[in-house]
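The values are calculated or read from the model by the stated rules, or taken from the named source; none is laboratory data. Source: prediction; values computed, not measured. Reconstructed Cβ throughout: ideal geometry from the backbone, glycine too, with neighbour counts over all protein chains shown.
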Amino acid sequence: MRRPIAILTLLIGISQPNLVHSQTTEFDTVFVKRTIGENEFEIDTLYIPGGRSSTQVLAGTTFLPYSDKMVRLMNNGLSPISLQIIQECDNTTDPKTFKDYPKFIVVKRDSSVLTIDVSVVANCCHNFLGEAEVIGKDTLNLVYTSYGGFCSCSCCFTLRYKFDTTMEDYYQVLKFVTINGSKTLGQIPKKE
């Protein structure tokens with residue numbers, strides 16, 4: 001169970017230039033950390049400038065909004081709904097089997113929603129930033145990057161990717177799914 005943020009970070013003028021040691025910095029990335037043990041912390045939230053007039057806030061596990069891959073995904077008729085961890089760090093997985101990951105657990109369609117559950121191995125203290133892209137004519141490539149504090153262990157997480165496929169019929173019909181471009185391949189069911 002995660003503990004509440006124990007460190008209060010004062011963020012001043014993130015989208016405005018900051019004066020730091022007599023240097024002006026316009027494009028800072030700020031992170032908020034939480035204490036998880038004695039001399040241990042994990043990164044909880046990233047604040048990334050989103051241009052001249054806004055600031056991106058990426059907290060926990062989420063899709064990376066408006067990256068090149070995500071824009072191309074939407075141009076192929078798929079809209080991201082959510083990315084979440086549905087099974088936290090499972091440290092009972094035998095490390096000898098880590099080579100067998102990532103693994104697809106569920107790939108299903110409900111009306112116009114495509115749901116894909118995949119188990120991945122990552123650092124025990126990490127969250128995930130996700131993207132997706134259509135490669136070739138019929139393959140959805142899910143992308144994840146783990147980030148956060150560093151622990152001295154790795155474990156298995158199950159991630160759930162959800163997409164709105166309402167517009168997919170106008171573009172192409174996806175048949176396969178892969179993760180981080182790996183050879184692990186899953187079958188996407190046809191729309192009913």
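Quick one: in the range 175-185, which of the residues that are in a strand (DSSP E or B) and at pLDDT 90 or above is surrounded by the most Cβ atoms within 10 Å (Cβ to Cβ)?
I179
Counting only residues that are without any contact (Cβ under 8 Å) to a residue 60 or more places away in the chain and at negative phi, how many does the range 127-143 have?
Going through the range 127-143 one residue at a time, the tally reaches 6.
Do you know which of the residues in the range 76-97 that are acidic (D, E) and at pLDDT 90 or above is nearest to K137 (Cα to Cα)?
Per the stated criteria, the residue is E88.
Which one of the conditions (1) within 14 Å of the chain's Cα centre (by Cα); (2) surrounded by fewer than 17 Cβ atoms within 10 Å (Cβ to Cβ); (3) acidic (D, E) does E133 fail to meet, given that it meets all the rest?
The failed condition is (2).
Of the conditions (1) over 16 Å from the mean Cα position of the chain (by Cα); (2) part of a strand (DSSP E or B); (3) touching a residue at least 40 places away in the same chain (Cβ under 8 Å), V106 satisfies every one except a single condition; which number is it?
Here V106 meets the rest and fails (3).
Kindly evaluate T115 against the criterion of being under 30 Å from Y170 (Cβ atoms), at pLDDT 95 or above and of a type outside the set (A, V, I, L, M, F, W, C).
So T115 fits the description; yes.
Within the range 6-29, does at least one residue satisfy the condition of being modelled with pLDDT under 90, among the hydrophobic types (A, V, I, L, M, F, W, C) and under 21 Å from the mean Cα position of the chain (by Cα)?
No.
Tell me yes or no: at least one residue of the range 110-120 is surrounded by 13 or more Cβ atoms within 10 Å (Cβ to Cβ), of a type outside the set (G, A, S) and in contact with an Asp or Glu (Cβ under 9 Å, 6 or more places away or on another chain).
Yes: the range 110-120 contains one or more residues that are surrounded by 13 or more Cβ atoms within 10 Å (Cβ to Cβ), of a type outside the set (G, A, S) and in contact with an Asp or Glu (Cβ under 9 Å, 6 or more places away or on another chain).
How about the range 153-174: which of its residues are in contact with a strand residue (DSSP E or B) (Cβ under 9 Å, 6 or more places away or on another chain) and either aromatic (F, W, Y) or exposed (fewer than 15 other Cβ atoms within 10 Å of the Cβ) (or both)?
Once the filter is applied, which keeps residues that are in contact with a strand residue (DSSP E or B) (Cβ under 9 Å, 6 or more places away or on another chain) and either aromatic (F, W, Y) or exposed (fewer than 15 other Cβ atoms within 10 Å of the Cβ) (or both), the range 153-174 yields C153, F157, Y161, F163, T166, M167, Y171, Q172.
Name, by its number, the condition in (1) more than 13 Å from G130 (Cβ to Cβ); (2) of a type outside the set (D, E, K, R); (3) assigned to a strand (DSSP E or B) that does not hold for V71.
(3)
Scan the range 53-109 for residues that are surrounded by 13 or more Cβ atoms within 10 Å (Cβ to Cβ) and of a type in the set (K, R) and jot them down.
K69, R72, K103, R109
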